[in-house]
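Worksheet for the structure shown next.
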Amino acid sequence: MLLEAPFTEAKIRSLRVGDMVEVTGVIYTGRDAVHKYLHDGGKPPVDLKDSIIYHCGPVVVKEDGKWVVKAAGPTTSIREEPYQGPLMEQYGIRAVIGKGGMGAKTLQYCQKVGAVYLHAVGGAAQVLAERVVAVKGVHFAEKFGSPEAIWEFQVDRFPAVVTMDSHGQSLHAQVLAASSEKLKQLLG
Amino acid sequence: MDARVLQKNLLELIRRTSAELPSDVVRAVEAGARREESGSNAWYALEVIRDNILMAKEKSQPLCQDTGTIIVYVDLPKWCDEKTFRRACDKAVAEATKVGYLRQNSVDSITGHNTGDNLGPGSPSYHFHQGSGRSLSVRMMLKGGGCENTSTQYSLPDTRLGADRDLEGVRRCVLDGVLQAQGKGCGPGILGVCVGGDRGTGYIAAKETLFRELDDVNEDPRLAKLEKRIMKEANTLGIGPMGFGGATTLLGVKITHRNRVPASFFVSIAYMCWAFRRNGFVLSEGGRITRWLYAS
């Protein structure tokens, strides 16, 4: 299903674990340095109300004076677990895109503030770069280095799966529980 | 052979390894996609993966932005020494980084400084074997951090798993390793397993056994049987691609062994992601690539 900007609370709350979405609109990259900076009280350079944060350290190069995204797959999200929930609440972030899922704290905040976790396909750097149709800006490129900067990406039908929703459900927790049960049977 | 010719050939090996998946891996991904229910999350993930494989090859760009640890196995002939090879390969790696076949991926562990050219202590990770043949054989693997972080090692006996020092114990460890990894190593994964050795040689052998073709059969019938069983059982766990749930949790299991000291019994598991980048070639003394080791 299409998930188009603006990313309102009502739209986000309508999503359920297992929904396959295609995101269209502006998303902001942010990984370790950005999360730490915001958590320590730094001011965001963009308005994060109803925004989507993408855990991604892209490869972006300038060709003929224009930014071109060469690779833009997700990075492991769990490193942002201490910060993500409180930042969602403080700035009104509606979704994060990443890989590997996040923990109980983030899941609680998703429920509380009306946010979701969207799982992109890890390793699919080319397909995902192709869905970035324009680079609208970059912040903190000097301060944090290019992969850790905040890139404003205009994306068109960016594919992801809802694996944590705002109703307390986590596909990661479900798969872990079911596979643990199955392993118990196998090991007797 | 002229050092510049060697360097040029190695640059092409890096490009090919980073941008093109070997055909045995592509076939395994396609077989996985056929097994999954059409329209399911697992199927969706494998469709994206398939598109990505095609696109990377077409554009000659890194399949995954994490171009990983550069692991190089070299069988040296008499006419090429370690130092000459290392110098040419280091240059090829730095050039490949400059042109974007490789990401700047080598970080000083003490200062946090990125060297910017993928060179530094331990990178690339070279493994040399002196041979007596006439040709130079090079095998390369790019192993990303996501899957390396899910690799693991067990010391047997393991009470929690009821794993004793036998092949049944190995089976228990490996299946637990798959469970612990969930989707975090960018599955569907491929496992290289080493039974025995010390902690260091165990991990090295586990990685090296990943050079086997996915559809080959272990020449040790006991291990062949175990590989088949683990593969089948792991794919009933329902972890699936990316941990979304589904029938394709593993694409392959390869098991090897090393002798151990009586006091130790390690099971080392090298988890490889679906973006299983490995290739290699054989070079003649004249500098001609006589054979690629994997079709792509």
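The values are calculated or read from the model by the stated rules, or taken from the named source; none is laboratory data. As the structure is a computational prediction, the values presented were derived from the model and not from experiment. Positions of Cβ are backbone-derived with ideal geometry, glycine not excepted, and every protein chain shown enters the neighbour counts.
Scan segment A:39-56 and give yes if some residue there is within 14 Å of chain B (Cβ to nearest Cβ) and not hydroxyl-bearing (Ser, Thr, Tyr), otherwise no. Give the steps one after another, and end with the answer.
Filtering segment A:39-56 for residues within 14 Å of chain B (Cβ to nearest Cβ) gives A:54-56.
So of that shortlist, the ones also not hydroxyl-bearing (Ser, Thr, Tyr) come out as A:55-56.
The answer is yes, given that some residue of segment A:39-56 is within 14 Å of chain B (Cβ to nearest Cβ) and not hydroxyl-bearing (Ser, Thr, Tyr).
Filter segment A:114-135 down to the residues that are hydrophobic (A, V, I, L, M, F, W, C) and assigned to a strand (DSSP E or B), then identify the one that is farthest from the other protein chains (Cβ to nearest Cβ). Reasoning before the result, please.
As a first pass, look at segment A:114-135 and keep what is hydrophobic (A, V, I, L, M, F, W, C): A:115-116, A:118, A:120-121, A:124-125, A:127-129, A:132-135.
Remaining after also requiring assigned to a strand (DSSP E or B): A:116, A:118, A:132-135.
On the way: A:VAL116: 15, A:LEU118: 12, A:VAL132: 13, A:VAL133: 16, A:ALA134: 19, A:VAL135: 16 Å.
The residue in question is A:ALA134.
Condition first: of a type in the set (Gly, Ala, Ser) and within 8 Å of chain B (Cβ to nearest Cβ). Now tell me which residues in segment A:176-188 satisfy that. Steps first, please.
Going residue by residue through segment A:176-188, those that are of a type in the set (Gly, Ala, Ser) are A:177-180, A:188.
Hits for segment A:176-188 are A:ALA178, A:SER179, A:SER180.
If you check A:VAL23, A:VAL17, A:VAL69, A:VAL60, which single one turns out to be more than 17 Å from A:PHE153 (Cα to Cα), within 14 Å of chain B (Cβ to nearest Cβ), outside any helix (DSSP H, G or I) and touching a residue at least 40 places away in the same chain (Cβ under 8 Å)?
Details: A:VAL23 fails: more than 17 Å from A:PHE153 (Cα to Cα); A:VAL69 fails: more than 17 Å from A:PHE153 (Cα to Cα); A:VAL60 fails: more than 17 Å from A:PHE153 (Cα to Cα).
Just one listed residue meets the conditions, A:VAL17.
In segment B:106-146, which residues are in a strand (DSSP E or B), modelled with pLDDT under 95 and of a type in the set (A, V, I, L, M, F, W, C)? Break it down stepwise before answering.
Residues of segment B:106-146 in a strand (DSSP E or B): B:107, B:114, B:120, B:123, B:125-130, B:136-143.
Keeping just the survivors that are modelled with pLDDT under 95 gives B:107, B:114, B:130.
Result: B:VAL107, single match.
Could you tell me how many of the residues in segment A:76-113 are within 14 Å of chain B (Cβ to nearest Cβ) and among the charged types (D, E, K, R)? First the steps, then the outcome.
So the first thing to find is which residues in segment A:76-113 are within 14 Å of chain B (Cβ to nearest Cβ), and the list is A:76-79, A:81, A:97-103.
Applying the additional criterion that residues be among the charged types (D, E, K, R) yields A:79, A:81, A:99.
Total meeting the criteria: 3.
Provide a single number: the residues in segment A:136-175 that are within 14 Å of another protein chain (Cβ to nearest Cβ) and outside any helix (DSSP H, G or I). Working first, answer last.
Taking segment A:136-175 first, the residues within 14 Å of another protein chain (Cβ to nearest Cβ) are A:144-148, A:151, A:157-165, A:169-175.
With outside any helix (DSSP H, G or I) added as a condition, the list becomes A:145, A:151, A:157-165, A:169-170.
The number of residues fulfilling the criteria is 13.
Give me the residue from segment B:210-240 that is farther than 15 Å from A:SER179 by Cα and basic (Lys, Arg) and, out of that set, nearest to the chain's Cα centre (by Cα).
Filtering segment B:210-240 for residues that are farther than 15 Å from A:SER179 by Cα and basic (Lys, Arg), the one nearest to the chain's Cα centre (by Cα) comes out as B:ARG212.
Condition check: more than 30 Å from B:GLY100 (Cα to Cα) and polar (S, T, N, Q). Does A:GLN126 satisfy that? Even if it seems obvious, please write down each step before you answer.
Values: more than 30 Å from B:GLY100 (Cα to Cα): no; polar (S, T, N, Q): yes.
No, not satisfied.
Need the failing condition index for B:LYS59 against (1) of a type outside the set (A, V, I, L, M, F, W, C); (2) within 25 Å of B:VAL253 (Cβ to Cβ); (3) in contact (Cβ under 8 Å) with a residue 24 or more places away in the chain, just the number.
The number of the failed condition is (2).
Conditions (1) surrounded by fewer than 18 Cβ atoms within 10 Å (Cβ to Cβ); (2) closer than 22 Å to B:ASP2 by Cα, marked per residue:
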| residue | (1), (2) |
| --- | --- |
| B:ASP90 | no, yes |
| B:LEU102 | no, no |
| B:ASN105 | no, no |
| B:ASP108 | yes, no |
| B:PRO121 | yes, no |
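If you take the residues of segment B:272-295 that are aliphatic (A, V, I, L, M) and more than 20 Å from the chain's Cα centre (by Cα), which of them is nearest to the other protein chains (Cβ to nearest Cβ)?
In the first step, residues of segment B:272-295 are kept if they are aliphatic (A, V, I, L, M); the result is B:272, B:275, B:282-283, B:289, B:293, B:295.
Those left that are additionally more than 20 Å from the chain's Cα centre (by Cα): B:283, B:289.
Values: B:LEU283: 29, B:ILE289: 26 Å.
Step by step, filter segment B:272-295, then rank; the result is B:ILE289.
State all residues of segment B:228-240 that are in contact with a Gly (Cβ under 8 Å, 6 or more places away or on another chain) and either outside any loop (DSSP other than H, G, I, E, B) or not assigned by TED's automatic domain parsing to the domain that holds B:ILE255 (or both); if no residue qualifies, say none. Break it down into steps so the answer makes sense when it comes.
As a first pass, look at segment B:228-240 and keep what is in contact with a Gly (Cβ under 8 Å, 6 or more places away or on another chain): B:231, B:238-240.
B:MET231 - this is the single residue of segment B:228-240 that is in contact with a Gly (Cβ under 8 Å, 6 or more places away or on another chain) and either outside any loop (DSSP other than H, G, I, E, B) or not assigned by TED's automatic domain parsing to the domain that holds B:ILE255 (or both).
Give segment B:261-296 a look and list any residue that's touching a strand residue (DSSP E or B) at 6+ places or on another chain (Cβ under 7 Å) and charged (D, E, K, R), or say none.
Hits for segment B:261-296 are B:ARG277, B:ARG278, B:ARG291.
If we keep just the residues of segment B:147-170 that are part of a helix (DSSP H, G or I) and surrounded by fewer than 21 Cβ atoms within 10 Å (Cβ to Cβ), which is farthest from the other protein chains (Cβ to nearest Cβ)? Quick ask: steps written out before the conclusion?
Looking only at segment B:147-170, we keep the residues that are part of a helix (DSSP H, G or I), and these are B:147-148, B:167-170.
From what is left, the residues that are surrounded by fewer than 21 Cβ atoms within 10 Å (Cβ to Cβ) are B:148, B:167-169.
Numbers: B:GLU148: 11, B:LEU167: 14, B:GLU168: 10, B:GLY169: 11 Å.
This residue is B:LEU167.
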